[in-house]
Amino acid sequence: MAESKIPLIAIVGPTASGKTSLAVEICKRYGAEAVSCDSMQIYKGMDIATAKPTEDEMKGIPHHLIGFVNPDEPFSVAKYCELAKNKIFDIHGRNKKIVLVGGTGLYYSSLTENIEFLPEETDFEYRELLRKRAETEGSQVLLDELSAIDPEAAAKLHINNLGRIIRALEIHHTTGKTITAQNECSKQTPSPFETVTICLDSRDRQVLYDRINRRVDLMLETGLLDEAREFLSSPLGRTAKQAIGYKELDPYFRGEKSLDECIENLKMQTRRYAKRQLTWFRRIDNINYLYIDDYANGIELADAACDIIERRGDFERE
RNA sequence: GGUGCCAUAGCCAAGAGGUAAGGCACGAGUCUGCAAAACUCUGAUUCCCCGGUUCAAAUCCGGGUGGCACCU
């Protein structure tokens, strides 16, 4: 049974932990292709802020699902999973191995756990309606309504988490099922993948934070300001506009804050993002941790990664 | 040298005799169609130091130390 599954190597971890270079090294060793698992690198442009791998960094390894969506288009986990699955089947069909690489925990989990998304689950107008009702009647009214149809879901939601309360009601509205039941249904089909996951982290948090700070400085040196100026002046979808790296610089362009203040804030937001990423991966079982401060260089780190990968027996080096 | 103001958590900061607000950061956590988002939890046995007044002092008084401002 397990043999019919597609073996997947996944490299995850917080931003600036070195996923890209490790993934490229692993791809080289196993003759694999890289599939991105990143909610922001999917967009065209946005190269510097999202730290997209450059041609140089890719070292000839094909990278998929990077830079193919316009920033004014909304995107979603559901779309990601559909595209990623197709990509993986395609690569596997060509008898190549796959390395999934990226730091978007939701995308990673949904793909590897094979969460099923149905086509009729969204209704933006209804969402808007609920949002207006929350303004006039208060969130508690909506939470109470949810409690009446799905007490389990309501019990787990905090009153301030309006977005999730609305989503739970929206699902009931569009599918007739509670979100609790719906979530149960969405994980009925077993995953077609057999995944070995490696999460990069640092034993000393400061090591990671120093890398983040340095990388932001590097982004500035390579033209982040120009990219941000252009980004902020073009139409944006609701996903892309959340990217870290542009909105933090906006107060500077508007003359409201000094550049230094904005840069400090950008670094801080990036550090906090890294922390949330770690929280996400921490609660997933069967993740192998590799600590970047345990290794002298990328080769040693890749050797350690290969040891973990080969223990599973699905992979042979080329 | 003189005068005035200030000193509260890592940072910003309220409190003005009745037993230490709040914000940010840090740390931890939640997560099923916006996820680089959104949301939750968490910190001072003590208010620069010493002494005094008082049933009671971060709050009042005296002295010291440090900072800022102005004057000579």
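With springs only between Cα atoms under 10 Å, which of A:Ala51, A:Ala304, A:Ala34 fluctuates most in a Gaussian network model of chain A?
The residue with the greatest mean-square fluctuation here is A:Ala304.
Write out the trypsin sites (Lys or Arg not before Pro) in segment A:71-130 meeting two conditions: DSSP loop, and at most 10 other Cβ atoms within 10 Å of their Cβ. Walk me through the intermediate numbers first.
Working: sites: A:Lys79, A:Lys85, A:Lys87, A:Arg94, A:Lys96, A:Lys97, A:Arg127; in loops: A:Arg94, A:Lys96.
In loop regions of segment A:71-130 (DSSP not H, G, I, E or B), the sparsely surrounded trypsin sites (Lys or Arg not before Pro) are A:Arg94.
Name the residue from A:Tyr246, A:Ala32, A:Ser17 whose Cα lies farthest towards the positive end of the charge dipole of chain A, charges +1 on Cβ of Lys and Arg and -1 on Cβ of Asp and Glu.
Working it through, the farthest residue towards the positive pole turns out to be A:Ser17.
Per DSSP helix of 4 or more residues, -39500 (n - 2.57); summed, then divided by the residues of chain A. What does that give at 222 nm, rounded to the nearest 500?
Numbers: 14 runs with 161 residues, N = 318.
Here the helix-only value at 222 nm equals -15500 deg cm²/dmol.
If I build a Gaussian network model for chain A, linking alpha-carbon pairs within less than 10 angstrom, which residue out of A:Asp144, A:Asp250, A:Asp303 has the largest mean-square fluctuation?
Residue with maximal mean-square fluctuation among A:Asp144, A:Asp250, A:Asp303: A:Asp144.
Amide H of A:Thr197 versus every other amide H placed in the peptide plane: which residues, excluding those fewer than 5 positions away on the same chain, fall under 5 Å?
Counting only residues 5 or more places away or on other chains, the set is A:Ala10, A:Asn288.
I need the shape label for chain A. Rule: rounded when a/c is under 1.5, else prolate if a/b > b/c, else oblate, with a, b, c from the alpha carbon gyration tensor. The partial results should precede the final answer.
Numbers: a/c = 1.83, a/b = 1.18, b/c = 1.55.
It is oblate, given that a/c is not under 1.5 and a/b is not larger than b/c.
In segment A:3-72, what trypsin sites (Lys or Arg not before Pro) fall in a loop by DSSP, with at most 14 other Cβ atoms inside 10 Å?
Details: sites: A:Lys5, A:Lys19, A:Lys28, A:Arg29, A:Lys44, A:Lys59; in loops: A:Lys5, A:Lys44, A:Lys59.
The qualifying sites are A:Lys5, A:Lys44, A:Lys59.
Could you identify which residue out of A:Leu100, A:Leu249, A:Leu130 has the top mean-square fluctuation in a GNM of chain A using Cα springs shorter than 10 Å?
Answer for the Gaussian network model of chain A: A:Leu130.
List the pairs from A:Lys28/A:Lys87; A:Lys59/A:Lys267; A:Lys132/A:Lys187; A:Lys85/A:Lys267; A:Lys87/A:Lys247 whose alpha-carbon separation is above 25 Å, in the order I gave them. Don't skip to the end; give the middle numbers.
On the way: A:Lys28/A:Lys87 19 Å; A:Lys59/A:Lys267 28 Å; A:Lys132/A:Lys187 32 Å; A:Lys85/A:Lys267 34 Å; A:Lys87/A:Lys247 32 Å.
Table pairs above 25 Å Cα-Cα are A:Lys59/A:Lys267; A:Lys132/A:Lys187; A:Lys85/A:Lys267; A:Lys87/A:Lys247.
Within segment A:83-177, which GluC sites (Glu not before Pro) sit in a loop by DSSP and count at most 10 neighbouring Cβ atoms inside 10 Å?
Numbers: sites: A:Glu113, A:Glu116, A:Glu120, A:Glu121, A:Glu125, A:Glu128, A:Glu135, A:Glu137, A:Glu145, A:Glu152, A:Glu170; in loops: A:Glu113, A:Glu116, A:Glu120, A:Glu121.
The qualifying sites are A:Glu120.
We did not get these values from a lab; they are worked out from the coordinates using the rules stated. Just so it is clear, the model here is predicted, and its values are computed rather than measured. Please note: Cβ atoms are built from the backbone with ideal geometry, for glycine as well, and neighbour counts cover all protein chains shown.
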